[in-house]
Amino acid sequence: MDSIDRAILNRLQDDFPLCDHPYARVAVQLGIAESELLSRLQQMLEKKQLSRFGPMYNAVKMGGGLSLCAMSVPEEYFEKVTDQVNAFPEVAHNYARDHLLNMWFVLATETAQRIDQTVTEIEQVTGYLVYNMPKKEEFFVGLKFEL
């Protein structure tokens, strides 16, 4: 990752422009072409330096569901199960933990009822139990990583 990549990530963590051509506006601010910005983002995604890039919506306020889930997956099957879980469009992020429950992910669904359906579908596809832990209260943490 070079200085331009770091500048891109620092810039895109906050105040993404809401306009017809947001990437073009950000590219001008960074002093690069829009095509270079898009190419670099794609490369970072392919190299897994980024897991995703996109907006974060409040699913519950939009009538949807949101829940933290965890699974206990044997290490030898972890990568396979990760791919299976991540294939669900409802999975917002998925990460490994050093714990008996070693796979954690967030579900964001179009309806609150879809949470339970998605949990069941993930269990059927993977063969592993999903612990569904819906939030009781939400706190906002303005997290930004300066690179």
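Within 10 Å of each candidate Cβ there may be at most 10 other Cβ atoms; applying that plus a DSSP loop requirement, which trypsin sites (Lys or Arg not before Pro) in the stretch 1-86 survive?
Details: sites: R6, R11, R25, R40, K47, K48, R52, K61, K80; in loops: K47, K48, R52, K61.
Passing both the DSSP loop test and the Cβ count: K47, K48, R52, K61.
For Rg and Dmax of the Cα atoms in Å, several values are listed as [x] 17.8, 49; [y] 16.2, 51; [z] 19.0, 54; flag the one computed from this structure.
[x]
Checking the a/c ratio against 1.5 first, then a/b against b/c, what shape does the Cα gyration tensor give for the stretch 44-126?
Values: a/c = 1.98, a/b = 1.23, b/c = 1.61.
Judged from the Cα gyration tensor, the stretch 44-126 comes out oblate (a/c at least 1.5, b/c at or above a/b).
Can you give the FRET efficiency for F78 and E36, using 1/(1 + (r/R0)^6), R0 = 35 Å, r = Cβ-Cβ distance, to the nearest 0.05?
The pair F78/E36 has a calculated efficiency of 0.50.
How large are Rg and Dmax for the stretch 3-46 when calculated on the C-alpha trace, in angstrom?
According to the Cα coordinates of the stretch 3-46, Rg and Dmax are 9.7, 27 Å.
Compute the relative contact order of the chain as a whole-number percentage, counting only Cα pairs closer than 8 Å that sit 6 or more residues apart in sequence.
Numbers: 161 pairs, mean separation 37.5, N = 147.
Answer for the chain is 25 percent.
Give the long-range amide H neighbours of A92: residues separated by 5 or more places, or on another chain, with amide H under 5 Å away, using H modelled in the peptide plane at 1.01 Å from N.
Placed amide hydrogens put V106, L107, A108 under 5 Å from A92.
Long-range amide H contacts for M103: which residues qualify at under 5 Å (H placed 1.01 Å from N, peptide plane, sequence gap of 5 or more or a different chain)?
Close amide H contacts, sequence-distant or interchain: M71, V73, R97.
Compute the FRET efficiency between K144 and H21 as 1/(1 + (r/R0)^6), taking r as their Cβ-Cβ distance and R0 = 25 Å, and round to the nearest 0.05.
0.55
If the reach is capped at under 19 angstrom between alpha carbons, list the lysines near K136, excluding any in the same chain fewer than eight residues apart.
Straight-line reach from K136, under 19 Å: K61.
Every number in this text was worked out from the coordinates using simple rules, so none of it is lab data. This structure is a prediction, so every number in the text was calculated from the model and none was measured. When we count neighbours, we look across all protein chains shown, and the Cβ atoms used for this are built from the backbone with ideal geometry, even at glycine.
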